[in-house]
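Data block below; observations after.
The values are calculated or read from the model by the stated rules, or taken from the named source; none is laboratory data. The shown structure was predicted, so the numbers you read here are calculated from the model rather than taken from an experiment. Cβ atoms come from the backbone with ideal geometry, glycine included; neighbour counts cover every protein chain shown. What goes into the accessible areas is simple: the full protein's heavy atoms, side chains included, and nothing from ligands, DNA or RNA. Shrake-Rupley method; radii C 1.70, N 1.55, O 1.52, S 1.80 Å.
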Amino acid sequence: MWTLDQLFFAYKYPISLKTREIIKDYNFSLDNLDKEIIDIAVSRIKSSYSGKEYLPSYIEHSKSKDLILTEIIAFPVAKILVSCLDRALMYKFSENVSSTLFYHLNREQKRLQVALDLANELGIKVDLKENGENYIELSLVDFVEVSNKDPQLNLVNQHVSAGKVLLNEIKFCRFLAAKAYFMTFNSLQGDLSSIPKYLKDIAKGIKFESAFSSNFESFGAFGKIDPNAFPACMKSIYSSLINGENVAHIARFNITTFLNSIGMPKEQIIAAFKKTPNFDERVTRYQVERITTGNIKYSASSCATMRSNGLCPDKNCTSKHPISFYKGALAVSRKTSKEEK
Amino acid sequence: MIFMELNENAKEQEFLRKKFRQFYETNEITYPSKVQNREFGIGEFGKKIVKRHMSFANSNFFNKFLKEDVPFYVSASASLYKRPDFRPMEKKEMFGSELIYEFDADDIKTDCRNGHDSWKCMQCNALGSGTLEKCPSCGSNSLSLDQWFCPECINETKKQVFALVNILKEDFGIKEGLYINFSGNAGFHVHVENQAVEKLSKEARIQLLDYLTLHEINLELLGFFLQKKTFVCPKDPCFGQIKRIKTALSDMLSKADIGELATYGLIPKSKLKSLLQNKNFVLESLSSGTLFSIDAGAEANKKFWLNILNYIASKIALDIDRQTSSDIYKLVRVPNTIHGGTGLIAKVIKFEDLSKFDALKDAVAFKEGRTKVYITKVPRFYLYGNYFGPFEKAEVELPDYAAIYLIAKGKAKLV
Ligand code: SF4
Ligand SMILES: [Zn+2]
Ligand SMILES: [Zn+2]
């Protein structure tokens, strides 16, 4: 049977082969899942909305194989539930899997060994160089497939030679986390038809405590502002803001120009930053005003720019400009809500 | 309007088509690979794409089409599709994509352009030579440009191609499926066609592009930073972009042009005295991982070196257009076909032959025959080893390749 160590590994690195083997072993059926498993799956999804790593405190020092096993099984269930929900949430969820994985990896006592084991499980070929700070060598192709996820991994700032990228230990962990993001996201968009109805209902019933579902009253250039009609890129930044996460400068800039272009009043834009760590109203006000009413007119970035800044999370979004995406989505949602009436 | 123009040039178009047909009748086009998976687009006189979403079952059909329809321009998709003729694009089902990088002489600023290019302001009618973006007398940016190319500007473009191929081989480790073709006008296309790159996502392609253009390079992350009081850099041996930056820096320092160093380092010349006096030491320490401390405080020293390094990075960054190079739906001229705006062949060149490739000579298709044309106004131009012109309101008999070149450019008519 599985050892406690193996189970912990599978729990911490749910994208690993080990996790899949264990799940296969357990042989569960979607038709009658334990309530416990579903509850855990739901709470995992909710935690991804809050932007915090998923770290149930009861697991950390647990010696109970059952408890850990339940967590392991809950992961694919969470993926199924998320697949029934909207895209923005799929990104958030994948993001959360990625950041949680990084959290665990970074705290491993034998970090390098665990990272190498994980890479090996994922079929990523890695070589170790004798010396130098950047001694972990992997193929350029494997690397660039995921490096756009994390600005610290941008190829232009890596050591590249003969079709290989050389990383230090921490960057290698970041690379694995980025890989986890894409693996998770790509495994989400499955066929929904085989999912039992009761699970779909559970998915629909998940309530998020965020401004997305609260009554958001604000009128902009295209009528009432509707964050649900935001493209994935803006949804993601916006929800990070209102969830009080730390948002990179470039993302702040882009959400500000976007909100300004769709006509959100300045005060409300400032308010959206209120929960961010180290919020300083004076500074935020100055920055927002400079963008919205300053001498230089800053217009919202196009998708090309968003992409090149690593801010476009949706490979399949075919929009050319976040504003036109918003206008389109708004028109659709108004039309359907009229029809529903 | 369009119709009038077409009619106006009917005779010329017929003439060109006849010539182009001769070319396709005697030259089998063996590009692109995987014909059945490509989307094709064709163009007519003065218009590079008038129709796209075309497809051919195999190379024979494609060649037959070229002989019969004789399009003025033929392009094929960089991407491979299951159903290349379906629309919209998503329905084509892409399953791979070549890497193609394009370099154009008109993106590169060279001095020769003042000799052969000219502009006219559509607002105030001012005229001048060279290529400008804005009218110097009224500030308008609606300028009509008359652009020509000579061996000098094409050679400048070639340098970029060499630099790119070097990076593709050395840094990216690409060994197979790399080939180059002349664009048929004034640029070069570098293709990489192999399985390893075929499946790269759009995001991955942007990562490669950013590396080539050093977009948002962060020198401090790469090991150029202030450590205590000295500014350090990666030790030799280095590779990749770091090596190129260090090599360029070492070239700049061995020249020891104080004016250049002060200008790009944004520092008074007086602070660079000991740097210049200790040139050899400066170069040695560069190789062992420190940048010489100039006669200024640590902060000023750091700023100086970062300014110089960023200047170098901007100079060695390749001039590749981010937009077109990352566009996976783009259509690119089919190698070895005729460019309808010049009558030259978009010739495939072996890398070994690139340095001696004389585009405006070696890409000439129509070497025999002479034709009489009426020329409105053209500067002196070079073609097939000869110089012609300048001509203005003149009737001249020219070798076919030159006559075709001018007619295709819309600068001459048959008489
Ligand atoms: S394609 Fe444009 S609108 Fe869509 S997610 Fe990306 S950046 Fe946003
Ligand atoms: Zn003017
Ligand atoms: Zn020239």
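Just how much of residue A:302 is accessible, in Å², when a 1.4 Å probe is used and the result is rounded to the nearest 10?
Accessible area of residue A:302: about 40 Å².
Specify the inter-centroid distance of the range B:24-98 and the range B:160-188, based on alpha-carbon positions, in whole Å.
So the separation of the two Cα centres works out to 23 Å.
When only alpha-carbon atoms are used, what values of Rg and Dmax, in angstrom, describe chain B?
When restricted to the Cα atoms of chain B, Rg and Dmax are 25.1, 77 Å.
Need the per-residue list for the range B:224-253: every residue with at least 40 Å² less accessible surface in the complex of protein chains than in the chain by itself, probe 1.4 Å, sorted by number.
Buried-area filter returns B:239.
Say the cut-off is 20 Å between C-alpha atoms; which of B:19/B:411; A:125/A:171; A:92/A:320 go over it?
Beyond 20 Å between Cα atoms: A:92/A:320.
Which value, in Å², gives the accessible area per residue of chain A when a 1.4 Å probe is used on the protein heavy atoms?
49 Å²
So what is the relative contact order of chain B, in percent, for Cα pairs below 8 Å that sit 6 or more residues apart?
The value is 17 percent.
List the residues of the range A:293-332 whose accessible area drops by at least 40 Å² when all protein chains are present, compared with their chain alone, using a 1.4 Å probe and counting only protein heavy atoms.
A:307, A:308, A:315
Checking the a/c ratio against 1.5 first, then a/b against b/c, what shape does the Cα gyration tensor give for the protein assembly as shown?
It is prolate, given that a/c is not under 1.5 and a/b is the larger ratio.
Loop only by DSSP, 14 or fewer other Cβ within 10 Å of the Cβ. Give me the GluC sites (Glu not before Pro) in the range B:98-163 that pass, ordered by residue number.
Sparse-neighbourhood loop GluC sites (Glu not before Pro): B:133.
What average number of partner chain Cβ atoms lie no more than 10 Å from the Cβ of the residues making up B:216-223?
4
Counting only helical runs of four or more DSSP H residues, what would the 222 nm mean residue ellipticity of the protein assembly as shown come to if each run contributes -39,500 (n - 2.57) and the total is spread over all its residues?
Helices in the protein assembly as shown give a 222 nm mean residue ellipticity of -13500 deg cm²/dmol.
For chain A, what does the relative contact order come out to in percent, with C-alpha contacts under 8 Å and a separation of six or more?
Over chain A, the number comes to 15 percent.
Please list, ordered by chain and number, the residues whose modelled amide H lies under 5 Å from the amide H of residue B:412; skip anything fewer than 5 residues away on the same chain.
Under 5 Å from the amide H of residue B:412 lie the amide H atoms of B:407, each far enough along the sequence or on another chain.
Average partner chain C-beta neighbours within 10 Å, per residue of B:196-208?
6
For chain B, modelled as a Gaussian network with Cα springs under 10 Å, which listed residue fluctuates most, B:253, B:331, B:164?
B:253
Ignoring ligands, DNA and RNA and using a 1.4 Å probe, state the total buried accessible area between B and A in Å², rounded to the nearest 100.
2200 Å²
Largest first, please: the extent of the C-alpha atoms of the range B:371-415 along each principal axis, to the nearest Å.
If we take the Cα atoms of the range B:371-415, the spans are 25, 18, 17 Å.
Give, as ranges by residue number, the residues of the range B:79-108 whose backbone N falls under 15 Å from the point 7 Å along Cα→Cβ of residue B:327.
B:79, B:89, B:100-104
How compact and how long is chain A, expressed as Rg and Dmax of its alpha-carbon atoms in Å?
Looking at chain A, its Cα Rg and Dmax stand at 21.6, 69 Å.
Can you run phi through the Karplus equation (6.51, -1.76, 1.60; θ = phi - 60°) for the range A:268-279 and list ³J(HN,Hα) in whole Hz, with x for Gly and Pro?
Per-residue couplings from phi come out as 6, 4, 4, 4, 5, 8, 3, 8, 5, x, 6, 4 Hz.
Need one word for the range A:111-181: rounded, prolate or oblate. Basis is the Cα gyration tensor (sqrt eigenvalues a ≥ b ≥ c); a/c below 1.5 gives rounded, then a/b vs b/c decides.
rounded
Please identify every one of the GluC sites (Glu not before Pro) in the range A:1-59 that sits in a loop by DSSP and has no more than 16 other beta carbons within 10 Å of its own beta carbon.
Loop-located and lightly packed - A:53.
Given a 1.4 angstrom probe, I'd like the percentage of the accessible area of the protein assembly as shown that is carbon and sulfur, rounded to a whole number.
50 percent
Could you sort A:182, B:188 by accessible area so the largest value comes first, with the probe set to 1.4 Å?
A:182, B:188
Suppose each label sits 7 Å from its Cα in the direction of the beta carbon; what would the residue B:372-residue B:386 distance come out to in nanometres?
1.7 nm
Would you calculate the separation in nanometres between label points at residue A:266 and residue B:362, each defined as 7 Å from the Cα along the Cα-to-beta-carbon direction?
Placing both labels 7 Å beyond Cα along the Cβ direction yields 6.2 nm.
Would you look at the GNM of chain A, springs on alpha carbons closer than 10 Å, and say which of A:162, A:271, A:115 moves the most?
In the Gaussian network model the winner is A:162.
Accessible area per residue for chain B in Å², computed with a 1.4 Å probe and the full protein assembly in place, what is it?
Per-residue value: 47 Å².
Of the candidates B:43, B:340, B:369, which one comes out as most mobile in a Gaussian network treatment of chain B with C-alpha springs shorter than 10 Å?
Judging by the Gaussian network model, the answer is B:369.
Rounded to the nearest 10 Å², what accessible area does residue B:21 show when all protein chains are kept and the probe is 1.4 Å?
Near enough 80 Å² of accessible area.
How many partner chain Cβ atoms sit within 10 Å of a residue's Cβ in peptide A:134-140, on average, as a whole number?
2
Remind me, relative contact order of the range B:348-415 in percent, using alpha carbon pairs under 8 angstrom and six or more residues apart?
Over the range B:348-415, the number comes to 35 percent.
Assign one of three labels to the range B:225-316, namely rounded, prolate or oblate, based on the Cα gyration tensor with a ≥ b ≥ c the square roots of its eigenvalues; rounded applies when a/c is under 1.5, prolate when it is not and a/b is larger than b/c, and oblate otherwise.
Here the range B:225-316 falls in the rounded category.
Which cysteines does the protein assembly as shown leave without a neighbouring Cys Cβ under 4.7 Å?
So, A:84, A:173, A:233, A:303, A:312, A:317, B:112, B:150, B:153, B:233, B:238.
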